[in-house]
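The values are calculated or read from the model by the stated rules, or taken from the named source; none is laboratory data. These figures come from a predicted structure and were not determined experimentally. All Cβ positions, glycine included, derive from the backbone under ideal geometry; neighbour counts span all protein chains shown. These area figures cover heavy atoms from the full protein model, side chains too; ligands, DNA and RNA do not enter into them. Shrake-Rupley method; radii C 1.70, N 1.55, O 1.52, S 1.80 Å.
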Amino acid sequence: MKTIFIKTFGCTLNQRDSQDIVLGIKESKDEKSADIIIINTCGVKEQTETKIYKYIVDHQKEFSNKELILTGCLIDIDFSKLKELLPKAKMFGIKDKAKLIKYLDKFRNLKKKTKAEITKTLIIANGCLGNCAYCAVKFARGKLKSKSSKDIKTEIEEAVNNGAKEILLTAQDTGCYGLDIKTNIASLLKEIITIPGDFRIRLGMGNPQHFKNYKTEISQIMKSEKMYKFLHVPMQSGNNAVLKKMNRHHTKKEYLDLINYFKKNIKGLTLATDVIVGFPTETEKDFLETVEVLKKCNFDIVNISRFGQRKGIEANNYKDLHGRIKKERSRLVTKICAKIALEKNKKLIGKTKEILLIELGKNNTLIGRTNNYKQVVVPKDKLILGKTSKVKITAAKPGYLEARPVF
């Protein structure tokens, strides 16, 4: 039986796609020992694209005499560059996922097509309704195509019956889920929190232009014990002129009003956001306005990206800023946001929390999540994956907490 090594770049959507692609196939630990090598590409950031090209160049020896398969967003964004680097590789774009899975079925053990997972990542929709000036992923994933709530419920029920304790709902934009099939994200959440079983649901990233339409319902739904008190609402910029150039459909005030509403109505909420620094036309004053909003919102998690030109995007029509400026702004925002996150986490030291243990960590530790999705690292001791445990927080880092078990 042939073995496969899959290298995955990018977001939760890509991670899920990779799991679906190799399900039931024997996997190798590295490129050398594999018969088939699959590279699941991502085109969301210039930095990620650079990493992919570097990976390809650095592993040419391992690729020789192997069957190579490329998939993911970058196929649809820059096919010619990938074909130039790997002319003999088979190419499957995002829309060819079903074809790729069928092609690999000859290597698949059909009896193992159901895999027990503590964490189940579930794609509820592909594509989006946006037209952001910096985004190339829209060329790959296309317009919004939502999965039916019936199919989603069935998948969750099967996963829970198979031992899943954590369900991650993911999409390019969960906020617009269902708008193409006459439903919406609030209606979906109301349905799935009624599914019997002991599990938690994390709602993935949703754009403010859609979340604002369901803020009341979402806030009520978040009171369910099945929901992680966690929201990921991308801001991208705190300046109205830059937001307009980005083709974002919210203003600074609308964003602040939405965040303040969620913070007021969802107790203990963990908030995540995304910010792009150095977008073309962003002045120093514009940038400082973004910093001001970040400080006001007091986010727990901030994903910071330096603007990078992508093939075919509208923002290429504007003059790019110097790399030094983008780097300086990125460093400053990173420092500020890390300080905010650390101060928030320090307030939890000494407190006892119940966590769901979801994965193995390094050095004989387990990683768990609190009910508001804070990451906690705890010594393994007698703890068991998939179970809940009481722990006492002993230390804080910007991105996670450290704890000891309370028996």
### Summary
Here the gain from full extension of Ser33 to Lys347, 0.36 nm per residue of separation minus their alpha-carbon distance, amounts to 108.3 nm
### Query
Want the number for Ser187 to Lys382: 0.36 nm per residue separation, take away the alpha-carbon distance, what's left?
66.2 nm
### Query
How much net charge surrounds Arg306 when only the other residues with a Cβ under 9 Å from the Cβ of Arg306 are counted, with Lys and Arg +1 and Asp and Glu -1?
+3
### Query
Going through the stretch 6-73, which trypsin sites (Lys or Arg not before Pro) have at most 13 other Cβ atoms within 10 Å and a DSSP loop state?
Lys29, Lys32
### Residues of the stretch 40-71 with amide N under 13 Å of the 7 Å Cα→Cβ point at Lys90
67-71
### Task
Taking all protein chains together and a probe of 1.4 Å, list His59, His210 from the most accessible to the least accessible.
His59, His210
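Can you figure out the FRET efficiency of Ser219 with Asn298, using R₀ = 22 Å and their beta-carbon distance, to the nearest 0.05?
Working: r = 18 Å, r/R0 = 0.82.
After rounding, the FRET efficiency stands at 0.75.
Which of the DSSP-defined H helices in the chain satisfy a minimum axial length of 15 Å, computed from C-alpha atoms, and a minimum mean Kyte-Doolittle hydropathy of 1.6? Mind showing how you got there, number by number?
Details: long enough: 12-22 (16 Å, -1.00); 46-58 (18 Å, -0.97); 149-161 (18 Å, -0.91); 252-265 (20 Å, -1.24); 284-297 (20 Å, -0.36); 323-346 (34 Å, -0.75).
Correct list, ordered by number: empty.
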### Query
Can you flag which of Lys327/Lys397; Lys32/Lys81; Lys32/Lys90; Lys51/Lys90; Lys26/Lys99; Lys45/Lys387 are past 30 Å Cα-Cα?
Lys45/Lys387
### Query
Points 7 angstrom from Cα along the Cβ direction at Asn260 and Asp20: gap in nanometres?
4.1
### P(r) of the stretch 322-394 over all Cα-Cα pairs, binned every 5 Å from zero, in whole percent
3, 14, 21, 16, 13, 10, 9, 7, 4, 2, 0
### Query
Mind listing P(r) for the stretch 86-188? All alpha-carbon pairs, 5 Å bins, whole percents.
2, 11, 16, 17, 20, 17, 11, 5, 1, 0
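When the Kirkwood radius is taken over all Cα pairs of the stretch 200-345, what Stokes-Einstein diffusion coefficient follows at 10 °C and 1.306 mPa s, in µm²/s?
On the way: Rh = 16.0 Å.
Rounded, D is 99 µm²/s.
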### Message
With a 1.4 Å probe and all protein chains kept in place, how much accessible area does Asp198 have, in Å² rounded to the nearest 10?
### Response
110
### Task
Name every cysteine in the chain that ends up alone, with no second cysteine's Cβ under 4.7 Å, or say none.
Cys11, Cys42, Cys73, Cys128, Cys176, Cys297, Cys337
### Query
Looking only at the stretch 326-360, which residues have a backbone nitrogen under 15 Å from a spot 7 Å from the Cα of Thr50 in the C-beta direction?
326-331
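What whole-number value in Å² describes the accessible area per residue of the chain for a 1.4 Å probe?
Values: 19730 Å² over 407 residues.
Ligands and nucleic acids excluded, the result is 48 Å² per residue.
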### Query
Got a sec? Charge dipole of the chain, +1 on Cβ for Lys and Arg, -1 for Asp and Glu; which of Ile25, Leu13, Asn372 is way out at the positive end?
Asn372
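Could you give the size of the charge dipole of the stretch 106-239 about its Cα centre, using +1 on the Cβ of each K and R and -1 on the Cβ of each D and E, expressed in debye and rounded to the nearest 20?
Working: 24 positive and 12 negative charges, 93 e Å.
Using Cβ point charges on Lys, Arg, Asp and Glu, the stretch 106-239 gives about 440 debye.
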### Query
If we count every other residue with Cβ under 14 angstrom of Phe211's Cβ, Lys/Arg +1 and Asp/Glu -1, where does the sum land?
-1
